1. Would you kindly calculate the translational diffusion coefficient of the range 104-143, applying Stokes-Einstein with the Kirkwood radius from alpha carbon pairs, for 10 °C and a viscosity of 1.306 mPa s, and quote it in µm² s⁻¹ without decimals?
2. So if each residue of separation counts as 0.36 nm, and I subtract the Cα-Cα distance between residue 94 and residue 69, what length gain in nm does that give?
3. For residue 112 and residue 150, compute 0.36 nm times the residue count separating them, minus their Cα-Cα distance, and round to one decimal in nm.
4. If I fit a long axis through the Cα atoms of helix 65-106 and take the longest principal axis of the Cα atoms of the chain, what angle between them do I get, 0 to 90°, rounded to 10?
5. When the helices in the chain are scored as -39500 (n - 2.57) per DSSP H run of 4 or longer and the sum is shared across all residues, what 222 nm value do you end up with, to the nearest 500 deg cm²/dmol?
6. Report, in degrees rounded to the nearest 10, the 0 to 90 angle that the Cα long axis of helix 2-21 makes with the longest principal axis of the chain.
7. So what does residue 57 come to for accessible area, using a 1.4 Å probe and Å² rounded to 10?
8. Could I get the Rg over Rh figure for the range 23-151? Both from C-alpha atoms, Rh via Kirkwood, rounded to two places.
Amino acid sequence: MKKLVLIVVMVTLIPLHIHAATTSVIQEREVGGYRLTMIGGENSLIWKIAHEGRTSTIHQNKENKEDIDELYSSMGDASLQRFTLFASSGYFLFVCTITLIFYKTRKHIPLSLGMIIGCLAFATLYFSVTSFLEMQDAMRDVDYHYLRLVK
């Protein structure tokens, strides 16, 4: 019985050691034509940054760690703002469609309901515009940090 337990333990530990010694893709992020891939090596992290067909390989060290973190964070912000833009634009279309359907069936929209619909439409339009502007700012940040790392 002890030999069986020892064999099972040895068999499970050997593949873990082999897997830890190989390089593998840890994380990928893509937004706005930029692609960032984190590859874990034996002792360091390697980043592949691609944009417009150009791929740069950067080994993470103390000098570029902050720039890489800022690029990664900016890409996350741009992705989040893009999602918010699509969600708020979709909600705006939903409110407009519901209003149109309600108007077609009733031929009249009460004043109180019209005010509520107007507020919902204005709020979603406001969120769409602010999300678009913040997404543009985040993409400028991504471009800045990309150029700073590559050059």
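The values are calculated or read from the model by the stated rules, or taken from the named source; none is laboratory data. As the structure is a computational prediction, the values presented were derived from the model and not from experiment. All Cβ positions, even for glycine, are placed from backbone atoms using ideal geometry, and neighbour counts span all protein chains on display. Accessible surface areas use protein heavy atoms only, side chains included; no ligands, DNA or RNA. Shrake-Rupley method; radii C 1.70, N 1.55, O 1.52, S 1.80 Å.
1. 128 µm²/s
2. Between residue 94 and residue 69, full extension yields an extra 5.3 nm.
3. 8.0 nm
4. Between helix and principal axis, roughly 30 degrees.
5. So the helix-based figure for the chain works out to -24500 deg cm²/dmol.
6. 70 degrees
7. Counting only protein heavy atoms, the figure is 80 Å².
8. Using only Cα positions, Rg/Rh for the range 23-151 is 1.24.
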